[in-house]
Amino acid sequence: MIKANYPVDKFSGIETPFYYYDLNVLRSTLEEINAQTKKNNFHVHYAMKANVNPAVLETIKNAGLGADCVSGGEVEAALKAGIPASKVVFAGVGKADWEINLGLENDIFCFNVESIPELEVINELAAAKGKVANVALRINPNVDAHTHHYITTGTSENKFGINMEALDQVVDLVLTLQNVKLIGIHFHIGSQITDMTAFHNLCVRVNELQEQFIKKGVELSNINVGGGLGINYEHPNHFAIPEFEAYFKTFRDHLQLRPNQTLHFELGRAVVAQCGSLISKVLYVKEGTVKKFAILDAGFTELIRPALYQAYHRIENLTSDLPEEEYDVVGPICESSDTFAKNYWMNGTKRGDLIALRSAGAYGEIMASQYNLRKLPKAYTSDELTGK
Ligand code: LLP
């Protein structure tokens with residue numbers, strides 16, 4: 001028995017667990033992003049932190065997206081994938097000197113700056129190279145994204161960005177520095193946001209802030225509203241493509257761009273989540289006293305989101321059409337948090353069945369670890385297993 005979109009016959013010779021990327025889903029997603037953004041000249045920088053699988057990156061580069069990086073390693077990976085430096089933005093609260101130098105040497109488009117000391121260091125390092133670095137100030141807009149507290153970033157109580165109270169001081173400073181050029185402002189309010197009200201609130205805040213900058217006589221050519229658009233983890237088959245239309249419309253309708261201003265986005269999850277699945281094999285089905293456990297050969301070492309954020313991933317048995325039964329679906333790691341789902345209904349399951357953990361293209365493979373001395377998972381694409 002083979003379920004749609006999974007070349008299960010091709011999976012049989014592959015060692016599990018592994019990641020499987022359906023590049024057709026990714027290509028359709030990218031087409032939709034381009035269709036929604038081209039008319040307004042919106043620029044999307046793919047948030048590299050979500051997934052840097054080479055085939056995935058290549059597909060994203062071919063669609064013309066830029067890159068949003070948060071480490072020197074990501075800047076290197078973006079450039080190596082062929083994403084032009086002129087489309088690379090570099091964020092992060094703790095950029096090391098070598099990482100800043102790497103950005104300077106490659107003339108990346110912009111550093112998203114998160115504090116006064118960072119601004120001073122970028123100015124110093126740029127001066128040493130006789131360069132002027134483009135910077136955008138990351139402002140903490142104090143907008144609640146109503147998402148999991150681990151992935152909320154835009155309220156005043158966390159380490160990201162410059163608080164609005166400190167903004168005047170930072171702007172005054174930046175204007176005195178010779179080797180940095182203020183080209184914009186940057187925001188990011190959180191991740192897995194499905195209620196457009198949060199983005200609407202962000203637009204309102206950005207509009208207010210723009211007034212403040214104009215009053216100070218500062219012209220900004222770029223507004224970067226970060227990422228955060230969520231996806232549908234419950235129904236990946238019905239909603240494979242995220243709500244890009246509603247998302248971009250929110251900004252089109254509510255953000256007041258000035259003439260010659262460009263709007264930038266840093267989407268990660270919405271680009272890649274639905275194209276990826278973690279494929280695992282059932283090692284054992286264990287009958288407890290009140291429960292049945294389906295014990296997989298994948299654990300939180302391959303997909304940490306359920307353990308870390310209590311995240312839901314749809315689980316499908318790809319090789320069974322038996323009536324559904326209730327399972328706790330768990331991994332082999334020696335920690336109780338190594339549980340993918342409790343009291344989960346799926347087709348009757350036995351040793352050797354193949355299981356797909358869905359919507360795992362974002363923050364899946366990239367967050368894998370070797371805890372318990374496990375091997376890092378390999379990844380395969382639909383192109384290589386089935387041809388385009
Ligand atoms: N820009 C900035 C400044 C960010 O901090 C992030 C994500 C993004 C863009 C991309 O956000 P996205 O469009 O993917 O929501 N590991 C967590 C998610 C962490 C997100 C961190 N920042 C998870 O698995 O849910």
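Every read-out reported here was derived from the displayed coordinates using simple, explicitly stated rules and does not represent laboratory data. Source: prediction; values computed, not measured. All Cβ positions, even for glycine, are placed from backbone atoms using ideal geometry, and neighbour counts span all protein chains on display.
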Q.
To make sure I understand the rule: partners must be aspartates and glutamates, Cα under 15 Å from the Cα of residue 286, and not fewer than 8 residues away in the same chain. Which ones qualify?
A. 297, 325, 326, 328, 353
Q) Quick one: which of 38/80; 129/375; 61/249; 87/216; 61/378 span more than 31 angstrom between C-alpha atoms? A) 129/375
Q: Report the antiparallel proportion of the DSSP beta bridges in the chain as a percent, rounded to a multiple of 5.
A: 40 percent
Q: Please list the non-local residues whose amide H lies under 5 Å from the amide H of residue 45, H modeled 1.01 Å from N, same-chain partners needing a gap of 5 or more.
A: 66, 265, 266, 267
(Q) Can you sort 197, 301, 289 from fewest to most other Cβ atoms within 10 Å of each residue's own Cβ? (A) 289, 197, 301
Q) Which peptide among 76-83, 227-234 comes first, and what is the full order, when sorted by highest mean count of other Cβ atoms within 10 Å? A) 227-234, 76-83
Q: List 107, 68, 321 from most exposed to least, where exposure is judged by having the fewest other Cβ atoms within 10 Å.
A: 321, 107, 68
Q. Can you tell which of 125, 260, 201 lies farthest toward the positive end of the dipole of the chain, using +1 and -1 charges on the Cβ of basic and acidic side chains (Lys, Arg; Asp, Glu)?
A. 260
Q | HN-Hα J in Hz across the stretch 342-350 - Karplus 6.51, -1.76, 1.60, θ = phi - 60°, x for Gly and Pro | A | 10, 6, 9, 8, 8, 3, x, 10, 9
Q) How large is ³J(HN,Hα) for each residue in the stretch 104-112, as worked out from phi by the Karplus curve 6.51 cos²θ - 1.76 cosθ + 1.60 (θ = phi - 60°), to whole Hz, x for Gly and Pro? A) 5, 4, 8, 6, 5, 4, 6, 9, 8
Q | Built amide H within the under 5 Å cut-off of residue 140, gap 5+ | A | 162, 163, 164
Q: Report, in deg cm²/dmol and to the nearest 500, the calculated mean residue ellipticity at 222 nm for the chain, where each DSSP H run with n ≥ 4 adds -39500 (n - 2.57) and the sum is divided by the residue count.
A: -8500 deg cm²/dmol
**Q.** Fewest-first ranking of 334, 69, 203, 110, using other Cβ atoms within 10 Å as the exposure measure
**A.** 334, 203, 110, 69
Q) In degrees between 0 and 90, to the nearest 10, how far off the longest principal axis of the chain does helix 23-38 point, with axes built from Cα atoms? A) 30 degrees
Q: Work out, step by step, the length gained on full extension between residue 322 and residue 159: first 0.36 nm times the residue separation, then minus their alpha carbon distance; give nm to one decimal.
A: 53.8 nm
Q | Computed over the stretch 274-386: relative contact order in percent, which uses C-alpha pairs under 8 Å that are six or more apart | A | 35 percent
Q) Which whole-Hz ³J(HN,Hα) couplings does the stretch 209-224 yield from phi under the Karplus relation 6.51 cos²θ - 1.76 cosθ + 1.60, θ = phi - 60°, glycine and proline marked x? A) 5, 4, 4, 4, 5, 5, 4, 7, x, 9, 9, 10, 8, 9, 10, 10
Q. Each label point is 7 Å from the Cα along the Cα-to-Cβ direction; what then is the distance between the points at residue 221 and residue 261, in nm?
A. 1.5 nm
Q: Find the centroid of the Cα atoms in the stretch 265-327 and in the stretch 66-97, then give the distance between the two in whole Å.
A: 31 Å
